[in-house]
1. Residues that are modelled with pLDDT under 80 and under 20 Å from Leu13 (Cβ atoms), at least 2 per element: which helices (runs of 4 or more DSSP H) completely within the stretch 41-122 meet that?
2. Inside the stretch 38-84, can you point out the residues that are under 25 Å from Glu97 (Cα atoms) and either in contact with a strand residue (DSSP E or B) (Cβ under 6 Å, 6 or more places away or on another chain) or open to solvent by less than 50 Å² (accessible area, probe 1.4 Å) (or both)?
Amino acid sequence: ERERFVRDQTCWLVGVDIPLLFETGAEGIDHTVAVSCGRDEQRRRALKREGMTPAKLDAILGRQLADEDRVARADFVVETDCYDKARARGQAAAVVEELWGASSLDEAAPCRAVSFDLDNTLWPTWPPIAEAKNALPSLIR
(Lines give C-alpha, C1' and ligand atoms only; values in the text may rest on other atoms or scores of the structure.)
Protein backbone atom coordinates (compact mmCIF):
# COMPACT_ATOMS: atom_id res chain seq x y z
CA GLU A 1 0.00 0.00 0.00
CA ARG A 2 2.84 2.41 0.87
CA GLU A 3 4.60 1.76 -2.43
CA ARG A 4 1.37 2.46 -4.35
CA PHE A 5 0.82 5.64 -2.34
CA VAL A 6 4.34 6.88 -3.15
CA ARG A 7 4.05 5.87 -6.81
CA ASP A 8 0.73 7.71 -7.21
CA GLN A 9 2.08 11.05 -5.97
CA THR A 10 2.91 13.72 -8.54
CA CYS A 11 5.24 15.90 -6.46
CA TRP A 12 9.03 15.61 -6.50
CA LEU A 13 9.26 14.50 -2.86
CA VAL A 14 6.99 12.36 -0.72
CA GLY A 15 7.52 12.21 3.04
CA VAL A 16 6.14 9.29 4.99
CA ASP A 17 6.23 8.51 8.70
CA ILE A 18 6.73 4.77 9.13
CA PRO A 19 6.72 3.26 12.62
CA LEU A 20 9.52 0.72 13.09
CA LEU A 21 10.94 1.52 9.64
CA PHE A 22 14.40 0.09 10.25
CA GLU A 23 13.03 -2.85 12.19
CA THR A 24 10.61 -3.88 9.43
CA GLY A 25 12.45 -2.82 6.25
CA ALA A 26 12.51 0.30 4.14
CA GLU A 27 11.38 -0.98 0.75
CA GLY A 28 10.39 1.82 -1.59
CA ILE A 29 12.10 4.49 0.52
CA ASP A 30 14.96 6.39 -1.12
CA HIS A 31 16.25 8.20 1.96
CA THR A 32 15.62 8.19 5.69
CA VAL A 33 15.67 11.06 8.17
CA ALA A 34 15.89 10.18 11.86
CA VAL A 35 14.98 12.68 14.56
CA SER A 36 17.18 12.02 17.55
CA CYS A 37 17.38 13.05 21.18
CA GLY A 38 18.80 11.52 24.33
CA ARG A 39 17.04 8.64 26.07
CA ASP A 40 15.99 10.74 29.09
CA GLU A 41 14.52 13.46 26.87
CA GLN A 42 12.77 10.86 24.73
CA ARG A 43 11.12 9.38 27.85
CA ARG A 44 10.15 12.81 29.16
CA ARG A 45 8.48 13.78 25.88
CA ALA A 46 6.77 10.43 25.37
CA LEU A 47 5.35 10.30 28.89
CA LYS A 48 3.66 13.68 28.31
CA ARG A 49 1.45 12.09 25.63
CA GLU A 50 -2.13 11.36 26.54
CA GLY A 51 -2.58 7.75 27.61
CA MET A 52 1.14 6.98 27.78
CA THR A 53 2.40 5.11 30.83
CA PRO A 54 5.92 4.04 31.79
CA ALA A 55 4.99 0.38 31.17
CA LYS A 56 3.48 1.16 27.76
CA LEU A 57 6.53 3.22 26.82
CA ASP A 58 8.91 0.45 27.89
CA ALA A 59 6.99 -2.02 25.69
CA ILE A 60 7.20 0.37 22.71
CA LEU A 61 10.90 1.05 23.24
CA GLY A 62 11.53 -2.68 23.53
CA ARG A 63 10.41 -3.12 19.90
CA GLN A 64 12.55 -0.26 18.58
CA LEU A 65 16.19 -0.07 17.66
CA ALA A 66 18.30 1.96 20.05
CA ASP A 67 18.61 5.60 19.03
CA GLU A 68 22.29 5.21 18.15
CA ASP A 69 21.43 2.33 15.79
CA ARG A 70 18.66 4.33 14.06
CA VAL A 71 21.03 7.28 13.69
CA ALA A 72 23.73 5.01 12.22
CA ARG A 73 21.27 3.65 9.62
CA ALA A 74 19.63 6.95 8.67
CA ASP A 75 20.77 8.96 5.67
CA PHE A 76 20.14 12.20 7.55
CA VAL A 77 19.75 13.05 11.23
CA VAL A 78 17.96 15.96 12.89
CA GLU A 79 19.19 16.46 16.46
CA THR A 80 16.58 17.72 18.93
CA ASP A 81 18.25 17.28 22.33
CA CYS A 82 18.05 20.99 23.09
CA TYR A 83 14.45 21.13 21.83
CA ASP A 84 15.14 24.29 19.88
CA LYS A 85 12.38 23.98 17.27
CA ALA A 86 13.89 26.66 15.03
CA ARG A 87 17.22 24.82 14.97
CA ALA A 88 15.52 21.47 14.30
CA ARG A 89 13.38 22.92 11.52
CA GLY A 90 16.51 24.48 10.03
CA GLN A 91 18.16 21.05 10.00
CA ALA A 92 15.07 19.55 8.34
CA ALA A 93 15.08 22.35 5.76
CA ALA A 94 18.75 21.63 5.02
CA VAL A 95 17.84 17.97 4.40
CA VAL A 96 15.08 18.94 1.98
CA GLU A 97 17.44 21.39 0.24
CA GLU A 98 20.06 18.67 -0.17
CA LEU A 99 17.44 16.25 -1.52
CA TRP A 100 16.18 18.92 -3.93
CA GLY A 101 19.71 19.47 -5.22
CA ALA A 102 20.35 15.75 -5.61
CA SER A 103 16.97 15.24 -7.28
CA SER A 104 17.46 18.02 -9.80
CA LEU A 105 20.95 16.73 -10.69
CA ASP A 106 19.84 13.15 -11.29
CA GLU A 107 16.82 13.20 -13.58
CA ALA A 108 17.18 9.45 -14.18
CA ALA A 109 16.60 8.65 -10.50
CA PRO A 110 14.75 11.48 -8.79
CA CYS A 111 14.12 11.25 -5.09
CA ARG A 112 10.56 10.11 -4.56
CA ALA A 113 10.10 8.89 -1.00
CA VAL A 114 11.68 9.98 2.24
CA SER A 115 10.81 8.70 5.68
CA PHE A 116 10.86 11.39 8.35
CA ASP A 117 10.97 9.80 11.78
CA LEU A 118 9.11 12.76 13.27
CA ASP A 119 7.34 11.47 16.33
CA ASN A 120 5.93 14.95 17.06
CA THR A 121 9.41 16.34 17.64
CA LEU A 122 9.70 18.93 14.89
CA TRP A 123 6.06 19.92 14.93
CA PRO A 124 2.83 18.39 16.23
CA THR A 125 1.81 15.84 13.61
CA TRP A 126 -1.59 14.85 15.03
CA PRO A 127 -3.49 18.19 14.76
CA PRO A 128 -3.23 18.44 10.94
CA ILE A 129 -4.10 14.75 10.59
CA ALA A 130 -7.19 15.20 12.78
CA GLU A 131 -8.14 18.35 10.88
CA ALA A 132 -7.85 16.52 7.53
CA LYS A 133 -9.86 13.59 8.88
CA ASN A 134 -12.63 15.93 10.04
CA ALA A 135 -12.68 17.78 6.70
CA LEU A 136 -12.70 14.65 4.55
CA PRO A 137 -16.46 13.87 4.69
CA SER A 138 -17.40 17.30 3.36
CA LEU A 139 -14.83 17.02 0.56
CA ILE A 140 -16.08 13.72 -0.79
CA ARG A 141 -19.78 14.61 -0.91
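1. 85-105
2. Answer for the stretch 38-84, where residues must be under 25 Å from Glu97 (Cα atoms) and either in contact with a strand residue (DSSP E or B) (Cβ under 6 Å, 6 or more places away or on another chain) or open to solvent by less than 50 Å² (accessible area, probe 1.4 Å) (or both): Asp67, Arg70, Val71, Ala74, Asp75, Phe76, Val77, Val78, Glu79, Thr80.
The values are calculated or read from the model by the stated rules, or taken from the named source; none is laboratory data. Source: prediction; values computed, not measured. Reconstructed Cβ throughout: ideal geometry from the backbone, glycine too, with neighbour counts over all protein chains shown. What goes into the accessible areas is simple: the full protein's heavy atoms, side chains included, and nothing from ligands, DNA or RNA. Shrake-Rupley method; radii C 1.70, N 1.55, O 1.52, S 1.80 Å.
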